[in-house]
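Structure record follows, encoded as structure tokens.
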Amino acid sequence: MRIEAHEELAGLLTPAEYAAVSKCGPRTAEQLLRYAPSRYLVPGNLTQIAGLDDGDEATVKGRVLDSRTLRLRKRPGMMLTATIGDGTAEIDAVFFGAAHLIAYWEKQLGIGQQVLLQGTVKTRPGHGPQLTHPQIIPADDAEAVAQAMRPVPVYPLVDTAKTKQKHLRGAIAKIISAADSVSDTLPESVRRAYGLPSLGQALREMHQPVSAESGERARRYLACEEAFLLQLVFAQRRYADSREKALPLAKDGPLQQELITGLPYTLTAGQQEVSAQIAQRISQNHPASILLQGDVGAGKTVLALLAMLRAVDSGAQAVLLAPTEVLAQQHAETIRGLLGDLARAGTIHAPAHATRVHLLTGSVSVPQRREALLACLSGEAGIIVGTHALLSENVTFHRLGLVVIDEQHRFGVNQRATLRESAPAGLHAHVIVMTATPIPRTAALAMLGDLDALTLHETPAQRAGVTSHYVPESAVTWNKRMWQRVDEELAAGRRAFVVCPRINQENEGGHSVTQTAQTLAAHPDLPHARIATLHGQQSAEQKTATMRAFANGESNLLVSTTVIEVGVDIPDATAMVILDADRFGLSQLHQLRGRVGRSHLPGICFLVSSAPPGSDSADRLAAVAVTTDGFALAEIDLRYRRQGELTGTSQAGARSELKYLDLLNDAHLIVTAREHAERLIAADPELTAYPAAARALRRFAAAEQIERS
């Protein structure tokens, strides 16, 4: 019976098969055919019996020399033992079951018959090698022998207690003919470039491979297809941007020049180059979409400020959107500090071209909120810094030209679109999204491929940086010296962070903010500590007051969760202790330690863990301790944690999970797919000449909820 790709699986499968498939997600024949094996069981090579060892996955060929049955004494049923020899040695094949099953196996193992047996070798004291319930293949059936030597697909199971591999394999065997009716989504030119078979052939090979290599070739089609469709989405977005209109922020006005002149340091060559690239892109009359990434301390904020001042110099407004109130407050204070009188328009000392910087968060007072909203509407506020409060319907801008989003993965795509479309009627704002979590190039192309990525590689010379040390929690002497070292920094008038993975103590153990603060308050090696705590359950007012007290020295040891991970800039902070460091990702650890050593004062960071020496966790922490390059750590993190967690894509506007692409091993596929997608969309933006690709693209975007960044 011929089955079409679009057919529903209900009615085609047995109840057990349909239940197993439904748990895994597929509803149609094509969806099931695209349910890729996670690996293949490769049968053991044909081996002489004399060369077998205990635990081997073996395939042996021999003649049945003896067969005997006996009834079990302690439980119902019988046991069949057949002895097979190949001239080098003998092995027993053992079966347990009811009488009718024993009779079936006896028929397959008649004395003198040549057979192939496949199974796991077990060796018991006092007995020779055995195969319990091996697969039996008649040696004279060439087709059966060839089939038995092929790899067997192993599928990912959602519920291993109720879902069996045999049900999935049986279901796929019944609908495999539907592969012939699945339309190729890749244009022929792309297939030729990749050296790929048709999709139907690839699906057959994936589920019925003749070798492990052919199964991998089939997966490659799906990986190429995924890369191509993803890059088509991004290419269409870039094309749409090129057709939309934006305010050209083209004026090199006095605000930019005076900021550069007034900085207490000189911009690095890398900062100057990236700043010029940003200026060029936002000077166009179509909206720019820029990803500004750089390692910890690379100086992204000052470049974002220069871009915002370019907007103000050009007669527009700029918004800086931050994920937390602590970070928004910090940004507002940093910007006002850098601008000085340039941020105090209307005051006696401010120059005529000065602007205003307003803060709008959920916790500002009613009068402050009213003032900020009026300043946004009237245009008095050139720069507006805020949190999600900026996304409220009653926030209206006079002439919004630029949106800067800090730590872009903390925001949903719809939230970003709200600000992007808050420009004057018929226009879209330019967008710069910043991330201090370095993203490897192929991950950036796959996850954020519609953004024009600009990268800062240098660190400003005025920053002393940080050295890191891995400290096993069991090393008592090391721990004592660590706290003494922290106290030395406190005694010198500096600040220190202690980071914990949770707020309160929980059943699974580990360090918490509340318990750690209590312990350190009585610690004999911290006589100079004035301890404060910071975590996400505190009110916005409490968090702001805590950070202000820490910055001015009222407290000098801050015990915190990861709320301090990004944006917190305390120049006098020079020491950090991260407890249970193995519970954090490598990139997160790198971000955390970037909170110290941000001035001319060198920083020191201790990574404390109870992970056993030589374990993966201990090795990862050792890698952080010796590696200061955030991009190198991101590559290592990608190997350990995989792509979704690294880039935070559940909210990044891209896919939360790549089904077939491997960002480590398929980098060349992603780059090539981008080139093909660019050419295709440039020539045919609506894909009218490629209806199969257009249909697949619509299904792909809908299924993966890919929205505009």
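General observations
- Across every pair of non-identical alpha carbons in the stretch 254-456, the mean reciprocal distance, once inverted, gives a Kirkwood radius of 17.0 Å.
- Inter-label distance for LYS245 and VAL476, nm, one decimal - labels placed 7 Å from Cα along Cα-to-Cβ: 7.6
- Every pair of different Cα atoms in the stretch 222-268 enters the Kirkwood calculation, which places the hydrodynamic radius at 14.8 Å.
- In order along the stretch 673-682, the Karplus-derived 3J(HN,Hα) couplings, from 6.51 cos²θ - 1.76 cosθ + 1.60 at θ = phi - 60°, round to 4, 4, 5, 5, 5, 4, 5, 5, 5, 4 Hz, and Gly and Pro are given as x.
- Only Cα pairs under 8 Å and 6+ residues apart enter the sum, and on that basis the relative contact order of the stretch 499-582 stands at 37 percent.
- Computed label-point distance, nm, for sites ASN285 and ALA16 using a 7 Å Cα→Cβ extension: 7.0
- Whole-Hz couplings from phi, Karplus 6.51/-1.76/1.60, listed for the stretch 35-42; x for Gly and Pro: 7, 7, x, 7, 6, 10, 8, 9
- Those aspartates and glutamates that a straight Cα-Cα span of less than 16 Å connects to LYS23, excepting residues fewer than 8 apart in one chain: GLU8, ASP159
- Contact order for the chain, expressed relative to its length and based on alpha carbon pairs under 8 Å spaced 6+ residues apart, stands at 12 percent.
- Within the same chain, lysines fewer than 8 places from LYS61 are excluded, and of the rest, those with a Cα less than 24 Å from its Cα are LYS107, LYS122.
- A cut-off of 5 Å between modelled amide H atoms, ignoring neighbours fewer than 5 places along the same chain, links ALA453 with LEU291.
- Whole-Å semi-axes of the ellipsoid equivalent to the chain (Cα gyration tensor, √5λ, descending): 60, 35, 20
Quick note: the coordinates plus some simple rules give every number you see, no bench work behind them. Since the structure is predicted, the reported quantities are computational estimates derived from the model, not experimental observations. So basically every Cβ, Gly included, is an ideal-geometry build from the backbone, and we count neighbours across all protein chains shown.
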